[in-house]
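Accompanying notes for the structure given below.
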Amino acid sequence: MKINTNSFVVYSSITCIKRLWQTLYDQNTRFSFYQSYAWNECLEKLQRKQFVRSEKLEYWVFKERVIFPLLFDNELCQIHLLGYADSSDYLSPIFSNEDRELVEEAILSLHQQLSAYQLVFSKISEKSPFCAILEKLHRKLYFEKTSSVCMCVDTQTHTPTFYDSLSKSARNTYRTACNRIKKQGWKCEVSVSFTCLSARKATQLYKLYRLRRQDCDSRAQWYKKLLFFIKRILEISGLYRSHDPLTSYSQLCPVFLAQVHINGELAGFCEGGLSNDGHTLCVSRVATNKTYYHYSPGQILFIRAIDEIKHTVRYFDLTRGNENYKIKLGAKPHYNYIFTIRNFSEVKND
């Protein structure tokens, strides 16, 4: 369905704008794979299956040059970009490199036409063109900005191997893990691929990821434990479905997959996708098998995988969070922002 509203044309399905989306995506080298048509098509399919009826999904297209995939939360009177509550680590409207001024115009027009809502643009990377555009509008719009940390490894270390670039502590952890495995008489093998996954493989990876999440949640603070058990009850009763676009996406498009097998068993993996320019690999999912926690499978996996790709990929982006294992890998912080643009009624009351 298509609706005209001033300079915007509003669509109810992503399939209506497939060609335009793909054209604009190809024209912006700064986009991550989270902005690709295939990823967002997976997000839409999952969104349609959810039981959250207060949210409405629409695609607002400005002058056939800028696409805003918008989720309307009518209970909170907020508007978000599609993917804000899912596995997307970075979000942005879709536009070409040359249309930044048009994006500014579109944001102002969107704010005026949807004046009853707060516009909440979350997961906006400081490296993205959209972040720079929003910052430029701070004199014209009233907004609040909050930050969260992400971590990224520069693979160009100027050392013979990535291992050689690590701290003494990280190298010791790696050597100790390898020695423990060797002492058991086991083999440790790391494989790296960039291909579409079979349904069986994608499901296997997701199951291990869920087991890892459940293990983390069961050892977390009491309120996280409570949330975990509530989710499990809702899942069993059919009132809640976990969002998992990556399992669907990985069967449609090539994904990066690194796996570590210990004693012939999958001990850990990381999975993700390349940025549009091919220089950055975003790691969307990481999981390890608790049977092998004692052998640091994650550290072995990352160190060997980065060595495999460092000649073709400049940045190994571990995305959101500053967990200790990322710091041990020499990752440096960068930031995601949430821009909350206040509606006209709030501004008027100040």
Residue check for I94: touching a Leu at 6+ places or on another chain (Cβ under 8 Å) and either hydrophobic (A, V, I, L, M, F, W, C) or open to solvent by less than 30 Å² (accessible area, probe 1.4 Å) (or both): yes
Residue within the range 132-154 that is among the charged types (D, E, K, R) and under 25 Å from D307 (Cα atoms) present: yes
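Table: residues versus (1) buried (at least 19 other Cβ atoms within 10 Å of the Cβ); (2) touching a residue at least 24 places away in the same chain (Cβ under 8 Å); (3) of a type in the set (K, R).
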site	(1), (2), (3)
H279	no, yes, no
V283	yes, yes, no
Y293	no, no, no
Q299	yes, yes, no
A305	yes, yes, no
E308	no, yes, no
R320	no, yes, yes
L329	yes, yes, no
Segments classed as strands (runs of 3 or more DSSP E), wholly inside the range 57-152, with at least 2 members that are of a type in the set (G, A, S): 118-125
Residue that is more than 22 Å from the chain's Cα centre (by Cα) and open to solvent by 20 Å² or more (accessible area, probe 1.4 Å), where the choices are E55, E104: E104
Residue check for E271: open to solvent by less than 70 Å² (accessible area, probe 1.4 Å) and charged (D, E, K, R): yes
Qualifying residue in the range 189-205 (condition: part of a strand (DSSP E or B), surrounded by 13 or more Cβ atoms within 10 Å (Cβ to Cβ) and among the aromatic types (F, W, Y)): yes
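Results for (1) at pLDDT 90 or above; (2) over 24 Å from W39 (Cβ atoms), shown as yes or no for each residue.
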| site | (1), (2) |
| --- | --- |
| T176 | yes, yes |
| K182 | yes, yes |
| V190 | yes, yes |
| S198 | yes, no |
| T203 | yes, no |
| Y206 | yes, no |
| Y209 | yes, no |
| Y223 | no, yes |
| R232 | no, yes |
Any pair with Cβ under 9 angstrom, 6 or more apart, that starts in the range 17-40 at a residue that is of a type in the set (A, V, I, L, M) and ends at one that is in a helix (DSSP H, G or I) and buried (at least 23 other Cβ atoms within 10 Å of the Cβ): A38/Y249
Only listed residue being of a type in the set (A, V, I, L, M) and modelled with pLDDT under 95, chosen from L239, L274, L301: L239
The range 171-185 residues that are aromatic (F, W, Y), paired with ones that are surrounded by 11 or more Cβ atoms within 10 Å (Cβ to Cβ) (beta carbon under 7 Å, 6 or more apart): Y174/Y163; Y174/Q299; Y174/I300; Y174/I303
Given (1) open to solvent by less than 20 Å² (accessible area, probe 1.4 Å); (2) in a strand (DSSP E or B), index of the condition L43 fails: (2)
Which listed residue, of N322, N276, is part of a loop (DSSP other than H, G, I, E, B), within 18 Å of the chain's Cα centre (by Cα) and closer than 21 Å to S250 by Cβ: N276
Residue within the range 252-259 that is among the β-branched types (V, I, T) and under 30 Å from K145 (Cα atoms) present: no
Residue within the range 118-132 that is open to solvent by less than 40 Å² (accessible area, probe 1.4 Å) and over 24 Å from the mean Cα position of the chain (by Cα) present: no
Enumeration of residues in the range 137-150 that are touching a Gly at 6+ places or on another chain (Cβ under 8 Å) and open to solvent by 10 Å² or more (accessible area, probe 1.4 Å): V149
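The values are calculated or read from the model by the stated rules, or taken from the named source; none is laboratory data. What you see is a predicted model; the values in this text were computed from it and never measured. Here Cβ is always computed from backbone atoms with ideal geometry, including for glycine, and neighbour counts include all displayed protein chains. Areas reflect the complete protein model, heavy atoms only, side chains present, ligands, DNA and RNA absent. Shrake-Rupley method; radii C 1.70, N 1.55, O 1.52, S 1.80 Å.
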